[in-house]
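Novice: This is the structure I have questions about; it appears just below.
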Amino acid sequence: MNTMTLYVEKDSPVHRLDPLVKLLYVFASIALTYILPEPLFIAGVLFVTLLLLVIGKVFRNSLPILTLSMFLIFSLVIVQGFFHPDNVTELFSIGPLVFYEEGLYVALVLVLRVLVMIGSFSVLILTTSPDEMVERLIKKGMSPRIGHVILSVLQLIPQMRATTSKITDAQRSRGMETEGSMLTRIKAFFPLMGPVVLNSLNETKERSIALEMRGFGSSTKKTFLNEEKQYPYNKLLAGIIIAIVILGIVWRVMV
Amino acid sequence: MNTFELKDVAFSYSPDIQIFDGLDLSFDSRTTAIVGQNGAGKTTLVKLMKGLLKPSKGTLLIDGESIAKETAAQLSRRVGLVFQNPNDQIFKTNVLEEVMFGPLNIGMSRSEAEKAAREALQKVDLESKVDDNPYDLSLSERKLIALASILAMDTEMVIFDEPTMGQDFAGKEKIKAIIEELNTEGKLVLCILHDMDFAAEAFERTVVMNQGEIILDGQTRDVFSKKEVLEKAYLEQPYVTQIAHALGYNESFIHESELIAFLNKNA
């Protein structure tokens with residue numbers, strides 16, 4: 001069954017990284033854009049992030065996500081360019097509306113920051129299978145319950161989609177029109193949603209019973225099915241990332 | 001309706017796996033059971049017949065007329081399909097309303113629909129539960145409600161998908177009686193089954209499917225006597241046939257009563 005995940009299965013150095021290191025990179029790269037809000041510096045972080053996407057062979061997969069964010073980016077530039085309170089130097093004007101240089105500068109920082117956020121999250125999400133990440137987090141002490149919630153949410157949506165199509169078939173067999181005018185669609189809503197909701201509630205109950213039957217709630221220490229993967233440069237990479245963040249803070253305080 | 005024909009039908013869910021390729025099959029007034037292992041294409045076949053899926057090639061004909069242009073909802077006046085899992089359709093809070101949903105959809109008036117619904121519930125012996133909430137009933141009772149909700153639509157053809165699953169002896173007898181009654185009313189009855197004993201007992205004709213192809217088609221008695229072909233489709237003969245065979249009789253028995261009568265005579 002296909003799950004709701006953007007994960008792209010490939011073999012690359014980025015895929016082989018420890019999910020926790022990638023998670024650390026997400027936080028570090030975003031933090032850095034706040035610690036040193038200089039366009040040139042953020043552009044550097046963005047460059048590294050995009051480089052990781054290219055090394056991870058997922059640059060192409062990240063493009064749709066970046067395109068989706070264009071709307072936000074575009075509105076940021078417009079709002080800041082026209083209306084930022086520090087606006088003084090005029091760049092150009094459309095009728096009575098004036099576009100300013102200061103606003104553009106602020107917008108540039110914001111846009112770069114957004115791109116870094118999207119980029120580094122893409123690195124994490126596109127190159128890490130949810131299973132691997134959750135298992136790693138549980139090994140580090142996260143509650144297995146939370147892990148289960150994360151993974152089951154990813155499965156829930158495709159599962160509900162499958163149930164819905166089955167229910168649609170059953171109701172169409174009883175002469176219910178599901179296509180056509182708005183009114184027909186509204187009328188079709190309850191016959192479709194009723195069974196979907198009831199089935200989901202039932203499934204949830206049965207799933208929780210099944211989990212309890214297999215000792216999910218037991219308080220003993222759990223062992224893992226998959227052998228722990230070896231991540232050779234783990235500590236080194238984590239160290240480098242933390243060092244860069246500390247350096248950034250020091251730089252900010254000193255200069 | 002006299003015949004339902006499939007001519008040279010092809011269908012696939014994904015381009016690389018063909019489910020049907022040039023399937024020819026026709027149904028007539030004989031009650032027909034379709035058997036075959038999981039994934040043989042039985043449910044896909046009935047979904048095509050019901051207009052829920054459209055074939056990529058070929059035509060489906062009712063009494064010689066193509067049904068290509070009809071939607072599933074329009075076809076529901078003529079062909080009824082009882083789904084395997086009743087939970088996929090039940091949404092009303094009382095049994096009568098649930099059974100009336102289909103008849104109202106195909107344009108019956110409220111009073112006609114209620115009459116049809118009560119009659120259908122009587123056939124499945126649930127007329128005492130008309131005011132109950134369907135979800136308070138057991139799964140086998142809900143299956144019968146789903147069955148009644150199709151019977152109430154009074155279609156010319158009724159297709160069952162695994163009606164005996166989860167039913168006890170009494171439930172199976174009820175379903176058998178309903179199938180016979182539909183047949184005497186002149187309706188086409190088609191049934192997907194995993195239960196060979198039930199197929200042997202209640203159906204005149206049996207079709208064996210394997211990987212999207214028909215490997216056996218004929219009188220139920222003849223079909224179930226072909227042990228080797230059945231085994232190729234990973235199917236067993238009915239128990240009565242197996243017992244008779246184990247006792248060393250060469251005649252093919254498909255009804256318990258036949259074997260008992262035969263044994264009594266020869267004892």
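Novice: For the structure I just gave you, tell me whether A:Arg145 is out of contact with any Leu (no Cβ under 8 Å at 6 or more places or on another chain), at pLDDT 85 or above and assigned to a loop (DSSP other than H, G, I, E, B).
Specialist: Here the answer is no, as A:Arg145 does not meet what is asked.
Novice: Taking B:Gln74, is it in a helix (DSSP H, G or I) and of a type in the set (S, T, N, Q)?
Specialist: Criteria met by B:Gln74.
Here is a yes/no grid of residues against (1) crowded, with 19+ Cβ neighbours inside 10 Å; (2) modelled with pLDDT of 90 or more; (3) closer than 25 Å to A:Val250 by Cβ:
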residue: A:Thr33; (1), (2), (3): yes, yes, yes
residue: A:Leu36; (1), (2), (3): no, no, yes
residue: A:His84; (1), (2), (3): no, no, no
residue: A:Val114; (1), (2), (3): no, yes, no
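Novice: Has the range B:211-227 got at least one residue that is under 21 Å from B:Thr164 (Cα atoms) and in a loop (DSSP other than H, G, I, E, B)?
Specialist: no
Novice: Every residue in the range A:185-218 that is over 20 Å from A:Val153 (Cβ atoms), within 14 Å of chain B (Cβ to nearest Cβ) and loosely packed, with under 11 Cβ neighbours inside 10 Å, please.
Specialist: Matches in the range A:185-218: A:Phe189 only.
Novice: Give the range B:129-164 a look and list any residue that's part of a loop (DSSP other than H, G, I, E, B) and either of a type outside the set (S, T, N, Q) or within 12 Å of chain A (Cβ to nearest Cβ) (or both), or say none.
Specialist: Of everything in the range B:129-164, those that are part of a loop (DSSP other than H, G, I, E, B) and either of a type outside the set (S, T, N, Q) or within 12 Å of chain A (Cβ to nearest Cβ) (or both) turn out to be B:Val130, B:Asp131, B:Asp132, B:Asn133, B:Leu137, B:Ala152, B:Met153, B:Asp154, B:Thr155, B:Glu156, B:Glu162, B:Pro163.
Novice: So which residues in the range B:67-98 are more than 10 Å from every other protein chain (Cβ to nearest Cβ) and farther than 27 Å from A:Arg161 by Cβ?
Specialist: Selection gives B:Ile67, B:Ala68, B:Lys69, B:Arg78, B:Asn94, B:Val95, B:Leu96, B:Glu97.
Novice: Still on this structure, I have one more. Just need a number here: residues in the range B:228-264 that are free of Cβ contacts under 8 Å to residues at least 24 places away in the same chain, of a type in the set (D, E, K, R) and assigned to a loop (DSSP other than H, G, I, E, B).
Specialist: Residues meeting the conditions: 1.
Novice: While we're on this one: Which is touching a Lys or Arg at 6+ places or on another chain (Cβ under 7 Å), farther than 16 Å from B:Ile150 by Cα, touching a residue at least 12 places away in the same chain (Cβ under 8 Å) and not charged (D, E, K, R), of B:Thr59, B:Thr71, B:Thr43, B:Thr93?
Specialist: Result: B:Thr59 is the single residue among B:Thr59, B:Thr71, B:Thr43, B:Thr93 that is touching a Lys or Arg at 6+ places or on another chain (Cβ under 7 Å), farther than 16 Å from B:Ile150 by Cα, touching a residue at least 12 places away in the same chain (Cβ under 8 Å) and not charged (D, E, K, R).
Novice: Collect the residues in the range B:24-66 that are within 14 Å of chain A (Cβ to nearest Cβ), in contact with a strand residue (DSSP E or B) (Cβ under 7 Å, 6 or more places away or on another chain) and assigned to a loop (DSSP other than H, G, I, E, B), keeping them in residue-number order.
Specialist: B:Lys50, B:Leu53
Novice: Is one or more of the residues making up the range A:18-30 surrounded by fewer than 14 Cβ atoms within 10 Å (Cβ to Cβ) and at pLDDT 85 or above?
Specialist: Scanning the range A:18-30, I find at least one residue that is surrounded by fewer than 14 Cβ atoms within 10 Å (Cβ to Cβ) and at pLDDT 85 or above, so the answer is yes.
Okay, residues lined up against (1) in a helix (DSSP H, G or I); (2) within 22 Å of A:Asp131 (Cα to Cα); (3) not assigned by TED's automatic domain parsing to the domain that holds A:Val153:
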| residue | (1), (2), (3) |
| --- | --- |
| A:Leu192 | yes, no, no |
| A:Ser218 | no, yes, yes |
| A:Leu236 | yes, no, yes |
| A:Val245 | yes, no, yes |
| A:Val250 | yes, no, yes |
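Novice: Modelled with pLDDT under 85, among the hydrophobic types (A, V, I, L, M, F, W, C) and more than 30 Å from B:Ile150 (Cβ to Cβ): does that describe A:Ile157?
Specialist: Criteria met by A:Ile157.
Novice: Which of (1) crowded, with 24+ Cβ neighbours inside 10 Å; (2) without any contact (Cβ under 8 Å) to a residue 60 or more places away in the chain is the odd one out, the single condition B:Leu147 does not satisfy?
Specialist: (2)
The values are calculated or read from the model by the stated rules, or taken from the named source; none is laboratory data. Please read these numbers as outputs of a predicted model, since none were measured by experiment. Here Cβ is always computed from backbone atoms with ideal geometry, including for glycine, and neighbour counts include all displayed protein chains.
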